[in-house]
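In what follows, a structure is listed as structure tokens, so that the remarks can point back to it.
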């Protein structure tokens, strides 16, 4: 199994913690954020990882070189547009890596290994979005609208009456899914507004025409690191994972 991690951004909402250091290199207990991600992925059988880098790319590359081994291949893809573009552009830069089944993970999402394992064992579909459910959602949550397990819509601005959960920032592409996704990436990047799109907006468009399903991981541990308070919460979350 191949994984693509989107880690090009600085994480400006975490300043001054990310002054001179990208979000993915922030310490969370005994590991950096990206080390927790790679640990969780390898626990599920991933042995091939591509990381999209941008801000302080060489620092990230130096760390990743130390993590490589005979059973784990890691390489980086530099996104020179990381200051100007949202993460669809990072996906587009990595489209050559999407030549077979793969999982994509946002660079700010820390996951318990069981989440990835549950995603891998989910019913086969071209695209599967990992979701969680909670009592209420805020403006920053990437909300999803569902019919059963099928994704109908996704976005931060979905109204409460059309919100059935939130995307945690990890998707699995199988079968025709990689080809379907790269086709839409290329179409969108050829439009004037392509640089300003989140890649999940493209997933929403695909869901209007193809089968995009979801995998509910309620009860399992994960966290998104966007603000200093998130960093403290996720540090407590990982304390017992090993």
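Every number in this text was worked out from the coordinates using simple rules, so none of it is lab data. Quick caveat: nothing in here was measured; it's all calculated off a predicted structure.
May I have the pair-distance distribution P(r) for the chain, computed from all Cα-Cα distances with 10 Å bins from 0 and rounded to whole percent?
7, 33, 41, 18, 1
Classify the range 51-189 as rounded, prolate or oblate, taking a ≥ b ≥ c as the square roots of the eigenvalues of its Cα gyration tensor: rounded when a/c is under 1.5, otherwise prolate if a/b is larger than b/c and oblate if not.
Details: a/c = 1.60, a/b = 1.48, b/c = 1.08.
Here the range 51-189 falls in the prolate category.
Return the calculated 222 nm mean residue ellipticity for the chain, to the nearest 500 deg cm²/dmol, obtained by summing -39500 (n - 2.57) across DSSP H runs with n ≥ 4 and dividing by the residue count. Write out the running numbers ahead of the final one.
Numbers: 7 runs with 69 residues, N = 242.
Calculated mean residue ellipticity at 222 nm is -8500 deg cm²/dmol.
Could you tell me the relative contact order of the range 2-237? Use alpha-carbon pairs under 8 Å, at least six residues apart, and round to a whole percent. Present the calculation step by step, with values, prior to reporting the outcome.
On the way: 450 pairs, mean separation 57.1, N = 236.
Result for the range 2-237 is 24 percent.
Given the range 149-198, what whole percent of its Cα pairs are spread farther than 12 Å? It would help to have the intermediate numbers written out before the result.
Numbers: 908 of 1225 pairs.
Beyond 12 Å sits 74 percent of the P(r) for the range 149-198.
Can you give the Rg to Rh ratio of the range 14-83, both from alpha-carbon atoms, with Rh computed by the Kirkwood formula?
Details: Rg = 12.4 Å, Rh = 12.8 Å.
Checking Rg against Rh, the ratio lands at 0.97.
Using DSSP, restrict attention to beta bridges with both residues in the range 2-237 and report what percent are antiparallel, rounded to the nearest 5.
50 percent
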